[in-house]
Amino acid sequence: MFKAIILFTIAIFSWNIISSFGDIQRPRCPNDFDEKHKMTKERENEIYDDILNLSKSDEIVRELLIQSGRVPPQSTLRGNELSVTVYTFPVIFHVFMSGAIGSVPEESFQKQITAMNVAYKRAGIMFSFDSIKTYENSNYFNCENNEDAMKMATGVSNEKYLNVWVCNPSYLGMATFPWEYDETSKLHGLVLSYLTLPTSPGYTPYENFNEGDTLVHEVGHFLGLFHTFQGGCKSKDFVKDTAPERSPAYGKPCLKKPARDTCSSKGVDPITNFMDYTDDFCMDNFTPLQNARMRSMLLKYKKGIQ
């Protein structure tokens, strides 16, 4: 009897360790996401040139370049002629359920919009809550490997709305890049695990992903950002003010000393950046050039919301 109790206690302890580890190590995006999305140096140079050219007419991009330590090119426009327009994405949440599983209160979606607006404010990009479309007992609840069919069946005017499909994939979220499809394609948008929205009464998301930063992260991809660790120490996220990072950071390294530093080049790992893999607790920023890049991508590829 005593031996059985000991074995049971060890089993419970091991399960707790495994569960905790699984939550900490859970990937935000599919494992092959970076491998599928690469870009040439020449194309990246074109994107940076777009940012520089935009700074001649857009005050927000101009200020972001200055904040990053870059000197923007001279503009023929006066200061009050430069654009400071704030662009807003109306967001439609498509919620797929299996019985009662998958239900998320509206309060969590409202909190999600607030989290996104805080994160993207410096880029002059905002989000508004449009609607929730619920699909009960849907075959798309387990949406992994069915993402395209799900989008084609339910997407709404992707050139005018940000469509977010909330379902039950093994990853936390997945996004399309702005250049992948025509602006009107129903394949544009974001897939999100129903267990990653902000906590609200009656709803318990994953413990370490309960502040809404998964969708903030995925919108970053939707507006042209790569992971901070893409390419490892060779720094293939192509953003000049994010320090290189050998591998994704998990858990809460922001609470640890000394700071995580996996590459020999200047700067510690950007573990608080929204485009890393740390817990929501640690994530709180985009860099100025990340913000400039996203604003430039919006103006180039998202004409429908301008």
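The values are calculated or read from the model by the stated rules, or taken from the named source; none is laboratory data. From a predicted model like this one, the values you see are computed outputs, not experimental measurements. Neighbour counts run over all protein chains shown; Cβ positions are idealised from the backbone, glycine included.
Before moving on, here are some points about what is shown:
- Hey, Asp213 among the acidic types (Asp, Glu), closer than 16 Å to Pro27 by Cβ and either out of contact with any Gly (no Cβ under 6 Å at 6 or more places or on another chain) or surrounded by 23 or more Cβ atoms within 10 Å (Cβ to Cβ) (or both) or not: yes
- Unmet requirement for Met275, which otherwise passes all of (1) buried (at least 23 other Cβ atoms within 10 Å of the Cβ); (2) among the aliphatic types (A, V, I, L, M); (3) part of a helix (DSSP H, G or I): (3)
- Of the strands (runs of 3 or more DSSP E) lying entirely inside region 160-217, those carrying at least 3 residues that are of a type in the set (A, V, I, L, M) are 162-167, 190-193.
- Here is the figure for region 49-102: residues that are surrounded by 14 or more Cβ atoms within 10 Å (Cβ to Cβ), out of contact with any helix residue (DSSP H, G or I) (no Cβ under 6 Å at 6 or more places or on another chain), over 21 Å from Lys300 (Cβ atoms) and not β-branched (Val, Ile, Thr) total 4.
- Test for Asn117: is it loosely packed, with under 12 Cβ neighbours inside 10 Å and free of Cβ contacts under 8 Å to residues at least 60 places away in the same chain: no
- None of Ala153, Ala149 is in a helix (DSSP H, G or I), without any contact (Cβ under 8 Å) to a residue 40 or more places away in the chain and over 24 Å from Ile305 (Cα atoms) except Ala149.
- Selection of region 11-67 for residues being of a type in the set (A, V, I, L, M, F, W, C), in contact with a strand residue (DSSP E or B) (Cβ under 8 Å, 6 or more places away or on another chain), at pLDDT 90 or above and in a helix (DSSP H, G or I) yields only Ile60.
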